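Shown next, in structure tokens, is the structure this report addresses.
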Amino acid sequence: MTRVAVVTGGGSGLGREMALALAGAGFAVWVTGRTEEKLKETAAAAGSVGGEGPGAVRYVVLDVADGAAVREFFGGLERVDVLVNNAGVGSPAAAVQDVREEDWRRVVDTNLTGSFLCAQAAYDVMLRQDPKGGRIINNGSISAHVPRPQGIAYTASKHAITGLTKSLELEGRAHGITACQIDIGNAATAMTARMEQGVLQPDGSIAVEPTFDPKIVADFVVRIAELPTSVAVPTLTVMAAGMPYVGRG
């Protein structure tokens with residue numbers, strides 16, 4: 001039986017690395033995202049454009065905040081062994097009083113509601129497939145624990161991912177469905193490139209922060225994905241050594 005993984009936000013960055021690592025481990029991988037060209041690049045990097053079976057990477061253009069589209073996509077899958085909820089967006093840095101409502105809603109709709117909709121749809125497939133069960137891996141963040149200045153929307157969405165993950169884990173116990181939250185700090189992607197130029201700190205200073213190879217996160221995802229569902233990994237924190245975390249506030 002071919003194991004099937006779905007990686008949202010798989011067109012670039014961490015999502016691409018996760019998808020390629022899962023394909024390398026023998027999963028048949030679906031990647032989703034909003035930009036077809038980026039998704040094609042991910043599939044091409046796996047050497048499997050249009051391919052099927054173990055190690056293949058296929059793609060579908062999908063906005064995870066669109067519930068109808070999410071349900072249609074997952075409804076067409078025969079099984080889902082692993083869902084990686086990786087799709088996420090940030091918003092322009094802004095003090096609380098300056099945050100635009102549209103920016104808040106865009107972040108929450110993608111990071112939180114999108115993760116819920118995909119988890120819900122995957123959950124439904126996992127309940128019906130034979131053998132029943134599966135694993136949901138949510139991309140959290142160090143911001144699920146402590147905020148960055150001027151990032152209230154992103155921080156709130158990632159704190160909410162913690163509640164989502166715990167609820168999925170609790171309700172999945174009877175069905176062989178487990179949930180994990182990976183809290184990642186400064187993996188070197190386009191989203192974190194600014195860290196190497198210097199970013200705002202809680203004391204008002206600007207400081208360069210260390211980053212690390214995102215392939216390390218992908219390796220962890222594969223390790224968790226390959227565990228039997230009798231083993232739960234509720235949380236995992238992976239971060240660049242020396243980045244401000246414990247002392248951020």
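For the reader, a short list of remarks on this structure follows.
- From the list ALA156, ALA179, the one residue that fits, being hydrophobic (A, V, I, L, M, F, W, C), open to solvent by less than 70 Å² (accessible area, probe 1.4 Å) and either part of a strand (DSSP E or B) or within 15 Å of VAL84 (Cβ to Cβ) (or both), is ALA179.
- Condition check for ALA174: part of a loop (DSSP other than H, G, I, E, B), more than 17 Å from the chain's Cα centre (by Cα) and not charged (D, E, K, R): no
- Looking across PRO131, PRO147, one residue alone is at pLDDT below 95 and over 14 Å from VAL82 (Cα atoms). It is PRO147.
- Filter result for LEU117 (touching a helix residue (DSSP H, G or I) at 6+ places or on another chain (Cβ under 8 Å) and either modelled with pLDDT under 95 or under 13 Å from VAL6 (Cβ atoms) (or both)): yes
- Matching option when the condition is of a type in the set (Gly, Ala, Ser) and under 20 Å from the mean Cα position of the chain (by Cα), among ALA95, ALA122: ALA122
- In region 209-235, the residues that are in contact (Cβ under 8 Å) with a residue 40 or more places away in the chain, part of a helix (DSSP H, G or I) and open to solvent by 40 Å² or more (accessible area, probe 1.4 Å): LYS215, ASP219
- Selection from region 236-249 of residues that are among the β-branched types (Val, Ile, Thr) and open to solvent by 50 Å² or more (accessible area, probe 1.4 Å): THR237, VAL246
- Some residue of region 134-144 being open to solvent by less than 20 Å² (accessible area, probe 1.4 Å), under 21 Å from ILE206 (Cα atoms) and of a type in the set (A, V, I, L, M, F, W, C): yes
- Any hit, region 175-185, residues being farther than 19 Å from VAL221 by Cβ and among the charged types (D, E, K, R): no
- If the condition is being without any contact (Cβ under 8 Å) to a residue 12 or more places away in the chain and open to solvent by 70 Å² or more (accessible area, probe 1.4 Å), then region 193-208 contributes ARG194, GLN197, ASP203, ILE206.
- Filter result for ILE184 (under 21 Å from the mean Cα position of the chain (by Cα) and either part of a helix (DSSP H, G or I) or among the aromatic types (Phe, Trp, Tyr) (or both)): no
- THR2 vs. criteria of a type in the set (S, T, N, Q) and more than 18 Å from the chain's Cα centre (by Cα): yes
The values are calculated or read from the model by the stated rules, or taken from the named source; none is laboratory data. Just so it is clear, the structure is predicted and the values come from calculations on it, not from any experiment. Don't worry about glycine lacking a Cβ; one is built from the backbone with ideal geometry, like all the others, and counts go over all protein chains shown. In case anyone asks, the SASA skips ligands and DNA or RNA and just uses the protein heavy atoms, side chains included. Shrake-Rupley method; radii C 1.70, N 1.55, O 1.52, S 1.80 Å.
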